[in-house]
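Read-outs: derived from the displayed coordinates by stated rules, not from any lab. Here the structure is a predicted model, which means the values were calculated and not measured. Every residue, glycine as well, gets a Cβ built from its backbone with ideal geometry; the counts of neighbours run over all protein chains shown.
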Amino acid sequence: MNVSKGIERSNMSDALVKVLRRFEDRLARLESEVDAGAKHWKALHLHKALAALPGDYVAADLHLDELDRAELTREYPEMAEAQAPTVDEIRPRFGMIAGGML
């Protein structure tokens, strides 16, 4: 039982190190950013990740994903349009997931 806890801690610490390195990389990119507008929204995403870091590295990782996604959609606007589902697509999928529970 102690061995599995040690493995879990090791995996958790590896994941935390990965998130910390990712954060550091994004912060370095932000520090070298010239465009004030882009710097502002990137700083907001990094701030959210930093706020989550002390207690929840998984949430921090998700905030970094949002930063990456937002960065890509600014560079490739067609990505944002392609990813947004319509209400007609959402309703049937919700119906499949919810089934007869509601």
Original post:
If you stretched the chain out fully between Leu27 and Ala98, how much longer would it get, using 0.36 nm times the residue separation minus the C-alpha to C-alpha distance?
Top reply: 21.5 nm
Subject >> Modelled FRET efficiency - R0 25 Å, Ile90 with Ala43, Cβ distances, 0.05 increments >> reply: 0.20
